[in-house]
Every structure is written in structure tokens, then in C-alpha cells.
Amino acid sequence: MMGLSSKVNYLRRQAADILDIIYPPACGLCGQPAETEDRLICRKCWDSVEMLEAPYCLECREFMPDSLTCPHCSGKTIAVFSLGYFDSTLRSIIHDLKFNGLKPLARPLGDKLAELIMAGSKTPSFDMIAAVPLHYSRQYLRGFNQAEELARELSRALGVPLVEDILVMTRKTRQQARLSASRRAANVKGAYALGENVSSLKNGSVLLVDDVTTTGATIRETARVLYTGSARKVTAAVIATAS
Ligand SMILES: [Zn+2]
Ligand SMILES: [Zn+2]
């Protein structure tokens with residue numbers, strides 16, 4: 001028998017479905033009916049995002065369709081999976097995710113990133129997922145870390161555990177977006193450290209998640225910290241790559 005609370009939930013869902021038929025949810029970007037699974041962004045807006053089909057090398061930006069190792073750059077260069085470039089659609093999506101608290105957007109974004117990661121001829125295997133941390137004061141103001149929301153959804157879609165507190169931000173940095181390319185590396189240098197869950201690294205392969213990358217300074221710095229722990233390999237996943 002259905003308990004009262006599940007009955008109420010059932011009726012609530014039914015009511016929501018009926019309301020959706022009368023008033024379809026509007027796309028958060030263009031205002032047209034959003035008849036998609038996420039009910040937040042319409043098909044046309046999702047389709048307008050030019051998806052990148054393979055990871056690229058953080059150093060030389062060349063695509064690496066078949067492996068996570070760049071043939072041109074030696075050593076520990078990082079492969080970056082990115083949904084697309086920072087065009088108008090992804091810019092609005094990220095803005096909503098960051099400032100309007102549209103946390104449900106993390107789900108379709110996580111699904112799309114997982115699709116991209118599994119699309120290659122050989123699906124890479126990761127031992128864990130970690131998010132680029134926010135400074136606690138910024139996270140407190142915003143209420144959540146958008147990179148962590150995305151990492152959680154990616155973890156669900158890929159079936160790879162999300163490990164929290166592997167990294168911490170030890171100093172508040174200036175917002176990267178406001179700085180010139182040459183000052184970004186200095187801005188994040190030494191701003192991150194290994195967190196209390198560092199023992200989880202165990203020589204594992206880490207998928208490091210952030211929302212946007214531009215010069216790659218934050219990814220480079222956080223990956224460097226993970227390598228000073230016992231990470232064997234660091235690969236990155238972001239929603240968008242800005243030039
Ligand atoms: Zn739309
Ligand atoms: Zn390269």
C-alpha cells in the first residue's frame with residue numbers, strides 16, 4: 001500500500017505533469033518551451049553548442065582523439081575534455097549555473113560530458129573524480145561550488161566515485177576572468193593544497209573537474225598539487241574552454 005507521503009508525492013508529480021502540459025517550462029536561455037529531459041534548456045539551444053569531439057592537450061591545444069597522451073608535449077601534459085568553446089550559449093549556461101543557483105543544470109551538463117568522455121574509441125578509466133575547490137568564503141556566499149555539482153553528476157553518469165576534500169584552496173585568489181593571461185598563473189600559484197582525503201589518491205588516475213578553463217592556469221596548478229600527492233595521472237573535464 002502507498003503511504004501518505006508517497007501518495008502526496010505521487011499526486012504532486014501528477015499535478016506538475018499536468019501543469020507542464022498547460023504551461024510548458026520555458027527555456028532558461030531563449031524563453032521558448034523547453035521540451036527536453038532537463039526541462040531547463042530547449043533542444044535548439046543545446047544544439048547550438050558546438051561540441052568538441054575529443055580531448056585536447058592543455059599545452060599545445062591539439063586534439064588527442066585516441067589517447068590521453070600528447071605526442072608533441074613531453075611528460076605530464078594534461079588532456080582536457082571540454083563540452084565546447086565559451087560561446088554565447090555555454091557562457092549563459094555557466095552564468096546561470098554560477099550565479100542564479102540553477103543547480104539542476106549540472107545534471108544535463110554532467111550527462112553530456114560523460115557522453116563525450118565515453119565517445120572515444122577507447123573509454124579512459126578513472127579511479128576517482130575530484131573538483132577544483134572554491135575558497136570557503138566564496139562557497140559560503142554562493143552556497144555551493146559549481147565545479148563540485150558538476151563533478152557529482154559526472155560521477156553518477158560515469159560510475160566513478162567522487163572524492164571530496166582531496167584538494168583545498170588555501171588562499172583567496174582574484175577572479176581569473178578579471179586578469180590578463182600572463183597574471184593568471186601567478187594568481188593561482190600556491191593557492192591550493194592537498195586536503196584531508198589525500199590518502200584516497202593511492203597512485204590513482206584522477207578526473208579533475210572545473211567549469212571553465214582559459215589559459216589552463218588553475219588546472220595546471222591543481223594538477224601539480226595532485227601530483228605532489230600520489231596521483232598517477234590527471235585528466236581534466238570542463239564545461240567550456242575560453243580563448
Ligand atoms: Zn532555448
Ligand atoms: Zn601537446
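The values are calculated or read from the model by the stated rules, or taken from the named source; none is laboratory data. Since this is a predicted model, take the numbers as computed values, not measurements. Here the Cβ positions follow ideal geometry from the backbone for every residue, glycine too, while neighbour counts run over all protein chains shown.
Scanning segment 25-58 for residues that are away from ligand 1 (no atom under 16 Å from the Cβ) and in a loop (DSSP other than H, G, I, E, B), which turns out nearest to Leu102 (Cα to Cα)? The selected residue is Leu52. Give the residues of segment 177-190 that are in contact (Cβ under 8 Å) with a residue 12 or more places away in the chain and farther than 13 Å from Ser243 by Cα, sorted by residue number. Across segment 177-190, the qualifying residues are Arg184, Ala185, Asn187, Val188, Lys189, Gly190. Of all residues in segment 35-45, those satisfying the criterion of being modelled with pLDDT under 90 and buried (at least 16 other Cβ atoms within 10 Å of the Cβ) are Thr36, Asp38, Arg39, Leu40, Ile41. Annotation note: of Arg61, Arg91, the sole residue that is among the basic types (Lys, Arg), within 16 Å of ligand 1 (Cβ to nearest atom) and under 21 Å from the mean Cα position of the chain (by Cα) is Arg91.
Name the single residue, out of those in segment 97-124 being at pLDDT below 85 and under 13 Å from Gln146 (Cβ atoms), that is surrounded by the most Cβ atoms within 10 Å (Cβ to Cβ).
Restricting to residues being at pLDDT below 85 and under 13 Å from Gln146 (Cβ atoms), the top hit is Leu97.
Residues that are in a strand (DSSP E or B) and under 21 Å from Thr123 (Cβ atoms) within segment 211-243 comprise Lys233, Val234, Thr235, Ala236, Ala237, Val238, Ile239, listed in sequence order.
Being more than 30 Å from Pro161 (Cα to Cα) and within 16 Å of ligand 2 (Cβ to nearest atom) is a condition met by at least one residue of segment 67-74. Candidates are the residues of segment 58-88 that are touching a Phe, Trp or Tyr at 6+ places or on another chain (Cβ under 8 Å) and not small (Gly, Ala, Ser); the one that is surrounded by the most Cβ atoms within 10 Å (Cβ to Cβ) is Val80. Take the conditions (1) farther than 23 Å from Asp111 by Cα; (2) more than 16 Å from ligand 2 (Cβ to nearest atom); Pro25 misses just one of them, which is (1). For the criterion of being modelled with pLDDT under 95 and not in a helix (DSSP H, G or I), Arg184 fails.
Which one is surrounded by the most Cβ atoms within 10 Å (Cβ to Cβ) among residues in segment 194-220 that are more than 28 Å from Leu90 (Cα to Cα) and charged (D, E, K, R)? Among them, the one singled out is Lys202.
So which of Cys30, Cys45, Cys57 is touching a Cys at 6+ places or on another chain (Cβ under 6 Å) and within 16 Å of ligand 2 (Cβ to nearest atom)? Answer to the check: Cys57. Taken over segment 221-243, the criterion of being under 22 Å from Arg171 (Cβ atoms) and either surrounded by fewer than 21 Cβ atoms within 10 Å (Cβ to Cβ) or without any contact (Cβ under 8 Å) to a residue 60 or more places away in the chain (or both) is satisfied by Glu221, Arg224, Val225, Tyr227, Thr228, Gly229, Ala231.
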